[in-house]
Amino acid sequence: MEKLQFQLIGDPEVAPAMARYMKNRFKFLGLKATERKEQSKPLLRSSSKVDVPTLHAWITELYNRDYREYQYVAIDLATKNIKKWQLADLKVFRKFVTQKSWWDSVDSWRTLFGKYIQLHPDEKVRVFEQFYQSTNIWERRVAINLQLMEKENTDTDMLTKAILADSETDEFFIQKAIGWSLRQYSKTNPEWVKQFLEAHKLGNLAVREAQKYL
């Protein structure tokens, strides 16, 4: 297995502000997204030539490093190789949703899962069921927002199940997710979203977010 030889170089003067933005939950090297992507470009390019076990090892090693930018690179690496994954791989990646969790990493993993179901629409239900009704709020956020990119392929029964399971949850990131999912789908089917809001009692934050484009 090819050993991972990769280090980021950050700006210590930028790092404190980045940490404050994330409520000082994580240490940062001090790399803005554009610079991080520039530095990680050779790694992502070379990843196309390594096997799946090696990729898993690299992603895990990066995710376990102390600085937040390495978690971002791990997710970029997983996303770059989206066409290599099968459902078994997604079950492995699921564990990262509940590790070092905050909205930035969780929503990036959700993007990966969303791209996977676009490539494998017949497995959408199985991906959804990994997160639906989890005891972990971040996994439930993934379930609610799994279909953000689905547009006319949105399974409204699935969306309804995910939202109603958490409609009375006060957690900010859940309410925000509910509103986000409805707002996004309103771009495709505003009438459905209007009818949904009329039929179900949701929190004020969720409703406010959902109605943004209505």
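If each DSSP helix of 4+ residues adds -39,500 (n - 2.57) and the sum is divided by the residues in the chain, what number results at 222 nm, nearest 500 deg cm²/dmol? Computed mean residue ellipticity for the chain: -19000 deg cm²/dmol. For a label point 7 Å from the Cα of residue 207 along Cα→C-beta, name the residues of segment 160-183 whose backbone N is under 14 Å from it. Only 168, 179 pass the distance filter.
Extension gain for the segment residue 149 to residue 3, taken as residue separation times 0.36 nm less the Cα-Cα distance, is 49.1 nm to one decimal.
Beyond 22 Å between alpha-carbons counts as too far, so tell me which of 23/201; 84/124; 100/187; 115/187 fall in that bin. Violating the 22 Å Cα-Cα cut-off are 23/201; 100/187.
Diffusion coefficient (Stokes-Einstein, Kirkwood radius over C-alpha pairs, 10 °C, 1.306 mPa s) for the chain: 87 µm²/s, rounded to a whole number. Give me the accessible area of residue 157, 1.4 Å probe, in Å² rounded to the nearest 10. Only protein atoms counted, so the area is about 110 Å². Modelled label-to-label distance, residue 50 and residue 189, 7 Å Cα→beta-carbon offset: nm? Using points 7 Å along Cα→Cβ, the separation is 4.1 nm.
For segment 114-214, the C-alpha radius of gyration divided by 2.2 N^0.38 Å, with N the number of residues, is 0.98.
If the chain between residue 37 and residue 79 were fully stretched, how many nm would it gain, using 0.36 nm times the residue separation less the Cα-Cα distance?
Difference between extended and current length: 13.8 nm.
Computed from label points 7 Å out along Cα-Cβ, the spacing between residue 95 and residue 170 is 3.4 nm.
Using the Cβ-Cβ distance between residue 129 and residue 13 with R0 set to 45 Å, the FRET efficiency from 1/(1 + (r/R0)^6) comes to roughly 0.50.
For segment 80-124, backbone nitrogen atoms closer than 18 Å to the point 7 Å from residue 60 Cα along Cα-to-C-beta are found at 85-100.
For segment 69-136, the square roots of the Cα gyration tensor eigenvalues, ordered a ≥ b ≥ c, give a/c of at least 1.5 with a/b no greater than b/c, which places it in the oblate category. Note: relative contact order over the chain, using C-alpha pairs below 8 Å and six or more positions apart, is 12 percent. Using 0.36 nm per residue and subtracting the Cα-Cα separation, the extra length available between residue 102 and residue 214 on full extension is 37.4 nm.
The values are calculated or read from the model by the stated rules, or taken from the named source; none is laboratory data. Only a predicted model underlies this, so the values are computations on that prediction, with no experimental measurement involved. Cβ sites come from the backbone with ideal geometry, for glycine too, and all protein chains shown count toward neighbours. Only protein heavy atoms, including side chains, enter the accessible area calculation; ligands, DNA and RNA are left aside. Shrake-Rupley method; radii C 1.70, N 1.55, O 1.52, S 1.80 Å.
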